[in-house]
1. I'd like to know if region 105-120 contains one or more residues that are hydroxyl-bearing (Ser, Thr, Tyr), more than 30 Å from Ile33 (Cα to Cα) and not assigned by TED's automatic domain parsing to the domain that holds Asn276.
2. When you look at Leu269, is it closer than 18 Å to Gly209 by Cα and buried (at least 16 other Cβ atoms within 10 Å of the Cβ), yes or no?
3. Got a sec? Which of Thr134, Thr146, Thr112 is farther than 24 Å from Ser211 by Cβ and of a type in the set (Ser, Thr, Tyr)?
4. Among the numbered criteria (1) in contact with a Lys or Arg (Cβ under 8 Å, 6 or more places away or on another chain); (2) not in a helix (DSSP H, G or I), which single criterion is violated by Ser356?
5. What are the pairs, 6+ residues apart or on separate chains, where a residue within region 141-161 that is more than 25 Å from Lys47 (Cα to Cα) has its Cβ under 7 Å from a residue that is modelled with pLDDT under 90?
6. Report whether or not Ile387 is under 24 Å from Phe249 (Cα atoms) and modelled with pLDDT of 95 or more.
7. Residue by residue through region 281-307, note down the ones that are without any contact (Cβ under 8 Å) to a residue 40 or more places away in the chain and assigned to a loop (DSSP other than H, G, I, E, B).
8. In this structure, does Lys169 turn out to be modelled with pLDDT under 95, farther than 29 Å from Asn288 by Cβ and surrounded by fewer than 19 Cβ atoms within 10 Å (Cβ to Cβ)?
Amino acid sequence: MGITLRKIFLFSLVIILFLIPSSKLPLDPIEKITLDHSFSLINWEIKNIFPKWIYISKKYIQNDKTDSSETINLLQKYLTLTKEKNLYQKQLQLENLPQVQKNVVKNNLKITIDEMQNLKPIVEELCERAMTKTIKLNGIKTKLNTIFPPVDISLEPPPLILVISPRDKIQIEKSVFLSPDLLNAKKNSIENEILQKNNKSAYISNLSGLSTYPTLISNEYNSLEIFSTTAHEWLHLYWFFRPFGQNIFKSNEMRTLNETAADIAGRELGLQTYINLNIKSDTSVKSNPSTAKKYPQFTKHMRETRIEVEKMLKNNNIEEAEKYMKKRWWELSLAGYNLRKINQAYFALYGIYAESAGSVSPIGEQLREFRSLVPTTGDFVKEISQISSYSDFLEELKNKKSKINPTSS
């Protein structure tokens, strides 16, 4: 049944993709600047859907199942190969590398990439199987004991995201996906060109995942982060068929609700999956806190910065706010935090994740309170799925609190 559901979902997605126009003319000023480095989701989907489908069908026909107990070991092997590949690619960029040594590095790189390509579909299937089991254990399933949409991932670098914000306020005005192989120098060049030609704040950031289908999951992270990201992106797909996800762009608050709820539930499902796979080992991983909780000093610094910047922008002190952000960025650099820059677009991007260091939204605390009033991760995911507006969420939170403490209503 899981194979059938996946085939139906993939077939439907293919039809939708072919109905979407592949280009949009004329290009706007931002798209003209980024055209040579753009990332086409449609082209990526078409390129990746069919090989994935063929692999799944072949495994199903042959009734070939890799032992799930090998999931963590094989995933770790794949991640180690990814690091080796990145190291070889960096070595090839060295200008003074002798030709003989360069040939050796090229050969090692080819061997590593070949090994990664052979291992990749096996690891992806094992991770999908492990996450599916966790989701089902949380009761997020159909009456036929399946989950929809099926978990389907592709472990590879997701596109970069370029976020555009006005200079006089912190707000996502536009976002564009870019090729994942841009170097920092090129990122800075694009951001500066947008600032000079369009008077906009721009910031290019990495993504840990993207809810395409198959879901793009970065292979630059550790095992626990990969499971958490897989759950986060799957939740977006799950909610897409329900009021919560269908209203994600209804307001800034709904977007923050969606992203933060996916963060909270994703970390829980990711940790559960990781622990289940390490059940026979004495793993020291017992929790999966948000980035903000992992780095309290960084979070304090960033939230203080954002609050002060908001005040300056509100008084139209744009240049003063930008100088202040550069000063605060330099302080972080001296403290060992490796950020390329802090600007309005940076805060606009990370502000939609209420548990991130760049957010000052009350939604993070509200969602954590909501979660504390619900027994399980699955209950949280299912209950929040029926929320269609921020006001609905606040009302539901109020109702839950009143049931616990009637005198508070």
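1. We begin by selecting, within region 105-120, every residue hydroxyl-bearing (Ser, Thr, Tyr); these are 112.
Adding the requirement that they be more than 30 Å from Ile33 (Cα to Cα) leaves 112.
Right, trim to not assigned by TED's automatic domain parsing to the domain that holds Asn276 and you get 112.
Yes, region 105-120 contains a residue that is hydroxyl-bearing (Ser, Thr, Tyr), more than 30 Å from Ile33 (Cα to Cα) and not assigned by TED's automatic domain parsing to the domain that holds Asn276.
2. Values: closer than 18 Å to Gly209 by Cα: yes; buried (at least 16 other Cβ atoms within 10 Å of the Cβ): yes.
Here the answer is yes, as Leu269 does meet what is asked.
3. Working: Thr134 fails: farther than 24 Å from Ser211 by Cβ; Thr146 fails: farther than 24 Å from Ser211 by Cβ.
Among Thr134, Thr146, Thr112, only Thr112 is farther than 24 Å from Ser211 by Cβ and of a type in the set (Ser, Thr, Tyr).
4. So Ser356 meets the others, but not (1).
5. Between residues of region 141-161 that are more than 25 Å from Lys47 (Cα to Cα) and residues that are modelled with pLDDT under 90, the close pairs are Leu144/Met1; Thr146/Met1; Thr146/Gly2; Thr146/Leu5.
6. Working: under 24 Å from Phe249 (Cα atoms): yes; modelled with pLDDT of 95 or more: yes.
Yes: the conditions hold for Ile387.
7. Ser281, Asp282, Thr283, Ser284, Lys286, Ser287, Pro289
8. Values: modelled with pLDDT under 95: no; farther than 29 Å from Asn288 by Cβ: yes; surrounded by fewer than 19 Cβ atoms within 10 Å (Cβ to Cβ): yes.
Criteria not met by Lys169.
The values are calculated or read from the model by the stated rules, or taken from the named source; none is laboratory data. It should be emphasised that the depicted structure is a prediction, and the values quoted were computed from it without experimental measurement. With ideal geometry, Cβ positions are generated from the backbone for all residues, glycine too; neighbour counts draw on all protein chains shown.
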